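The values are calculated or read from the model by the stated rules, or taken from the named source; none is laboratory data. All values derive from a computational prediction rather than experimental measurement. In this analysis, Cβ positions are derived from the backbone assuming ideal geometry, glycine residues included, and neighbour counts consider all displayed protein chains. SASA here: full protein model, heavy atoms, side chains in, ligands and nucleic acids out. Shrake-Rupley method; radii C 1.70, N 1.55, O 1.52, S 1.80 Å.
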Amino acid sequence: MSLNREQIAMRVAQELKDGDYVNLGIGIPTLVASFVPKDIEVMLQSENGLLGMGPYPTKENVDADMINAGKETVTAITGASIFSSSQSFAMIRGGHVDFTVLGAFEVDQNGNIASYMIPRKLVKGMGGAMDLVAGAKNIIVTMTHANKHGHSKLLSKCTLPLTGVDCINKVVTDLAVIEIKDGAFHLLERAPGVSVEEIIEKTDGKLIVPDDVPEMKID
Amino acid sequence: MSGFNKIVSSYDEAMAGLTDNMTVIAGGFGLCGIPEGLIAQIKKMQTKQLTFVSNNCGVDDFGLGILLQGKQIKKMISSYVGENAEFERQYLSGELEVELTPQGTLAEKIRAGGAGIPAFYTATGYGTPVAEGKEVKEFNGRKYILEEAITGDFAIVRAWKSDRMGNLVYRDTAMNFNPEAATAGKITVVEVEEIVENGELKPTEIHTPGIYVNRVIQATFEKRIERLTLAKEG
């Protein structure tokens, strides 16, 4: 069975390390916060200027001046700091954020990502995504393996305008965990019950498949 | 002392000198930390053909969105836009020009503008549509693009507290682009929740020193919430 959104987030959360500073994008990446392993601590960075983002507030604690990068009302944890936009992006662009998770329309075998613009549709903008992919040390993309027409989103070369070049290390999809290196996709794990053949069929770019492809462990 | 008194008592005084075709840098992220009353004053003044430098463009009936109704904005320099229908209509019909700029590059352009740095190299946007027409240079084996600084004829800013000398403190994530905006206006106008006496703010707690600030006006803010999200009960 292919993974649902929560299961993709669960698998990504397994990549987190104790002491990581982490930026989570909108959508599936946001869900990763709910599955941080109990035995580690991470600090969430929100690029509007908050390090140490906490859960959503109770009704009594809502404050219009406390929001995250998705413009949602949030809280701050003990040890949080709040700062200006240039400071926030100095952290990101200076390579101080350890781990970034974001969504994408397409990723290619050279680590390029297209995530912000579909030509001829309304262009809303890249927000902080271009800064994040240029700056973070370790970037994971979450997305479905194929689009709703069944076309692969893992390509030999991105067709949409790029958000960043040669910057994506790993992709977690509803079907597989894939590492990107040396100009190819490398199949690391498959979703429980999903065959290697299905992954091969739904991957457009060059895919290296080892003899043994273990199933992901999703609790 | 009066030479350092930045307090003004009316919105007419606060935005005096704003004319057609000027560039205005506005603080705020979404609807958080926006100078609501100063935007309303620009609407009242009906100033036209303005270029706005702001991360977003508000919603239909709040924030910079209210300036779209009277077609007061010629161009937006922003990282994320289109949260309102009128914006979409004007953009698609070509009435409104939009320069999409990565959020960190936008913040740094304004910071650099205020700090007298004309341009800087950044890896952000290299190899993407943002890099088109820009100089590329390699440092230590990595490629960077040259981005130019931004300054404004006006900067409009929201802060939490100001003393009479224009020393500012911001509140929580309403800070966002406001400290950068404050440094980069030829005339910087600040709307605050509270004006305090000189000396009430500790020198070390001041986020924006008064040297950057020209005018301060006290206001009451609506503080509209764009996406109310609550903890699940129980």
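General remarks:
- Residue check, B:Tyr126 free of Cβ contacts under 8 Å to residues at least 12 places away in the same chain, over 23 Å from A:Ser84 (Cβ atoms) and crowded, with 17+ Cβ neighbours inside 10 Å: no
- Close contacts from segment A:122-143, counting a first residue that is away from every other protein chain (no Cβ under 11 Å) and a second that is among the aromatic types (Phe, Trp, Tyr) and open to solvent by less than 10 Å² (accessible area, probe 1.4 Å), with Cβ to Cβ under 6 Å and a gap of 6+ residues or different chains, come to A:Asn138/A:Phe99.
- Leading residue by the ranking (least open to solvent (accessible area, probe 1.4 Å)) among those in segment A:153-174 that are touching a Gly at 6+ places or on another chain (Cβ under 6 Å) and within 18 Å of A:Val209 (Cβ to Cβ): A:Leu154
- Checking A:Val194 against (1) at pLDDT 95 or above; (2) open to solvent by 50 Å² or more (accessible area, probe 1.4 Å); (3) outside any strand (DSSP E or B), the condition it does not meet: (2)
- Test result for B:Met175, among the aliphatic types (A, V, I, L, M), surrounded by 15 or more Cβ atoms within 10 Å (Cβ to Cβ) and within 8 Å of chain A (Cβ to nearest Cβ): yes
- Looking across segment B:120-153, the residues that are facing another protein chain (nearest Cβ under 10 Å), within 17 Å of A:Gly95 (Cα to Cα) and either part of a loop (DSSP other than H, G, I, E, B) or of a type in the set (D, E, K, R) (or both) come down to B:Ala123, B:Thr124, B:Gly125, B:Tyr126, B:Arg142, B:Lys143.
- Of note, A:Val177 does not satisfy the criterion of being open to solvent by less than 20 Å² (accessible area, probe 1.4 Å), modelled with pLDDT of 95 or more and in a helix (DSSP H, G or I).
- The condition of being at positive phi, open to solvent by less than 20 Å² (accessible area, probe 1.4 Å) and more than 15 Å from the chain's Cα centre (by Cα) holds for only one of A:Gly150, A:Gly111, A:Gly125, that being A:Gly125.
- Scanning segment B:80-99 for residues that are crowded, with 21+ Cβ neighbours inside 10 Å and either among the basic types (Lys, Arg) or touching a strand residue (DSSP E or B) at 6+ places or on another chain (Cβ under 7 Å) (or both) gives B:Val81, B:Asn84.
- Only listed residue being more than 14 Å from chain A (Cβ to nearest Cβ), closer than 27 Å to B:Leu228 by Cβ, open to solvent by less than 20 Å² (accessible area, probe 1.4 Å) and touching a helix residue (DSSP H, G or I) at 6+ places or on another chain (Cβ under 9 Å), chosen from B:Leu67, B:Leu50: B:Leu67
- Residues in segment A:4-63 that are of a type in the set (Gly, Ala, Ser) and on the phi < 0 side of the Ramachandran plot: A:Ala9, A:Ala13, A:Gly25, A:Ala33, A:Ser34, A:Ser46, A:Gly54.
- Residue list for segment B:190-229, restricted to those being open to solvent by less than 20 Å² (accessible area, probe 1.4 Å) and either more than 10 Å from every other protein chain (Cβ to nearest Cβ) or touching a His at 6+ places or on another chain (Cβ under 9 Å) (or both): B:Val190, B:Glu191, B:Val192, B:Val196, B:Leu201, B:Gly210, B:Val213, B:Val216, B:Ile217, B:Ala219
- Number of positions in segment A:197-219 that are modelled with pLDDT under 95 and either assigned to a helix (DSSP H, G or I) or open to solvent by less than 50 Å² (accessible area, probe 1.4 Å) (or both): 1
- Selection from segment A:31-77 of residues that are of a type in the set (Val, Ile, Thr), at the interface with chain B (Cβ under 10 Å from one of its Cβ atoms) and open to solvent by 30 Å² or more (accessible area, probe 1.4 Å): A:Thr58, A:Val62, A:Thr75
- Against the list (1) within 12 Å of chain A (Cβ to nearest Cβ); (2) surrounded by fewer than 24 Cβ atoms within 10 Å (Cβ to Cβ); (3) not hydrophobic (A, V, I, L, M, F, W, C), the condition B:Thr183 fails is (2).
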